[in-house]
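For reference, the structure discussed in these notes is given below.
The values are calculated or read from the model by the stated rules, or taken from the named source; none is laboratory data. No experiment lies behind these values; they were computed from the predicted model shown. Ideal geometry is used to build each Cβ from the backbone, glycine not excepted, and the neighbour counts take in all protein chains shown.
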Amino acid sequence: MRRVLFLVGLLAVMFSSAVQAHEVRPGYLELRQTASDTYDLLFKVPALGEELRLGLYLSLPAGTQDVGAPRAVFAGGAHVERRTIRRPGGLTGQPISIDGLSATLTDVLVRVEDLAGTTQTERLTPARTSFTIEAAPGTGKVALTYLSLGVEHILFGFDHLLFVLALVILVREWRRVAITVTAFTIAHSITLAAATLGLVHVPGPPVEAAIALSIVFVAAEIVNARRGQPSLTARLPWLVAFTFGLLHGLGFAGALAEVGLPQHAIPIALLFFNLGVEAGQLAFVAVVMTLAWMMQWTASQILEPGGVRVASARLGVLAAYAIGAMAAYWLIDRTTGLVS
């Protein structure tokens, strides 16, 4: 039993460290063409406190000049710089790089929109610090970029992962887990598409608060189930997963809205972003289920069969309280932000 509890504690520390590490958010660069040789530029760099920022600096092609003075402020945990730039002949076919990115652990999301509304989206990393502005990105490049963005969003979207983890702990059986996760996927795919295409409009902050509340709800249901108080969630977990999945899809849409969609390939971008979310989600569930099996096998080598069941129930309750406490903190923090 002590070994099992030690493993749970170790996993909690690892998860907490991951949460802290993700506090350095990605940077964001947007270039919006307003004339054949003129662009509005927005560059967001993660802040380190109130007056410090990461050492990321934009390197533009030779011949690029500012039209007016740049404007910069610290806002929303980032250093936000706005400029209007001009370059004879425009920027098509020209390289743009982020100096200092190779010395960090963060990424920079890039969105370039031309006069026709065609959007190019890139993801720069410490290993890839530059890109070239294209006339019209190909379908394959769009698919790969949005697939990567989808995987990254779910794996670093700790609130979504906690909800999925709570569902797995509640359901436990492989077959029911598969059905439940599938229902969650179908639901968030529906609202992701609807919100991204402008069919549904819901403000982001209330959605984020409601997502935290959904995690608290499922965590409470785990405790009730372990106490012999089965509820609708325990009997029909797929129904609850589908209902809350509609809500989580709006959260995914908010993240996708920050990047934008290429106007010439909206269906491809939307499809592959969703596939990326699903791939990351399935990978997470596979890891959780494998760890659960390993923990159960380890406990069976130490305890009697009856002791394994008791230990499993206690660990489930312990995990539920940990998940619920973190989600409750998010709920209070996000609700406070609504009224402040």
Revision key, fill the gap. Scanning region 78-104 for residues that are on the phi > 0 side of the Ramachandran plot and surrounded by fewer than 17 Cβ atoms within 10 Å (Cβ to Cβ), the one nearest to the chain's Cα centre (by Cα) turns out to be 100
Practice item. Determine which single condition residue 199 fails, assuming it passes every other condition in (1) outside the structural domain of residue 56 (by TED's automatic domain parsing); (2) at pLDDT 90 or above. Key: (2)
Check your understanding: Taking region 164-183, which residues are among the hydroxyl-bearing types (Ser, Thr, Tyr) and in contact with a Leu (Cβ under 9 Å, 6 or more places away or on another chain)?
Key -> 180
Exercise for review: Check whether at least one residue in region 33-44 is surrounded by 15 or more Cβ atoms within 10 Å (Cβ to Cβ) and touching a His at 6+ places or on another chain (Cβ under 9 Å), and report yes or no.
Suggested key: yes
Check your understanding: Looking at this structure, is residue 205 within 18 Å of residue 177 (Cβ to Cβ) and loosely packed, with under 15 Cβ neighbours inside 10 Å?
Key -> no
Review point. Looking at residue 225, is it part of a helix (DSSP H, G or I), modelled with pLDDT under 85 and touching a helix residue (DSSP H, G or I) at 6+ places or on another chain (Cβ under 6 Å)?
Key: yes
Review point. Of the residues 208, 258, 221, which single one is more than 18 Å from residue 323 (Cβ to Cβ) and acidic (Asp, Glu)?
Key: 258
Practice item. Kindly indicate whether residue 176 is among the basic types (Lys, Arg), modelled with pLDDT of 85 or more and surrounded by fewer than 21 Cβ atoms within 10 Å (Cβ to Cβ). Key: yes
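Each row is one residue, and each column tells you yes or no for (1) part of a loop (DSSP other than H, G, I, E, B); (2) of a type outside the set (A, V, I, L, M).
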position: 229; (1), (2): yes, yes
position: 240; (1), (2): no, no
position: 250; (1), (2): no, no
position: 256; (1), (2): no, no
position: 268; (1), (2): no, no
position: 272; (1), (2): no, yes
position: 279; (1), (2): no, no
position: 286; (1), (2): no, no
Exercise for review: Kindly state which strands (runs of 3 or more DSSP E) lie completely within region 74-131 and contain at least 2 residues that are among the hydrophobic types (A, V, I, L, M, F, W, C) and within 16 Å of residue 42 (Cα to Cα).
Suggested key: 78-86, 95-99, 108-113
Practice item. Can you confirm whether region 130-151 contains a residue that is over 19 Å from residue 262 (Cα atoms) and more than 14 Å from the chain's Cα centre (by Cα)? Key: yes
Check your understanding: Does residue 182 satisfy being closer than 18 Å to residue 270 by Cβ and either β-branched (Val, Ile, Thr) or assigned by TED's automatic domain parsing to the domain that holds residue 319 (or both)?
Key -> no
Review point. Does region 177-191 contain any residue that is outside any helix (DSSP H, G or I) and free of Cβ contacts under 8 Å to residues at least 40 places away in the same chain?
Key: no
Review point. Name the pairs whose Cβ atoms lie under 8 Å apart, with the first residue in region 132-155 and farther than 19 Å from residue 277 by Cβ and of a type in the set (Val, Ile, Thr), the second part of a loop (DSSP other than H, G, I, E, B) and modelled with pLDDT of 80 or more, and 6 or more positions between them or separate chains?
Key: 132/93; 132/94; 133/91; 133/92; 133/93; 133/94
**Study point:** Out of 190, 211, sole residue that is within 19 Å of residue 154 (Cα to Cα), surrounded by fewer than 16 Cβ atoms within 10 Å (Cβ to Cβ) and of a type outside the set (Asp, Glu)
**Key:** 190
Point to revise | Candidates 197, 246, 232, filtered to the one that is over 24 Å from residue 113 (Cα atoms) and surrounded by fewer than 18 Cβ atoms within 10 Å (Cβ to Cβ) | key: 232
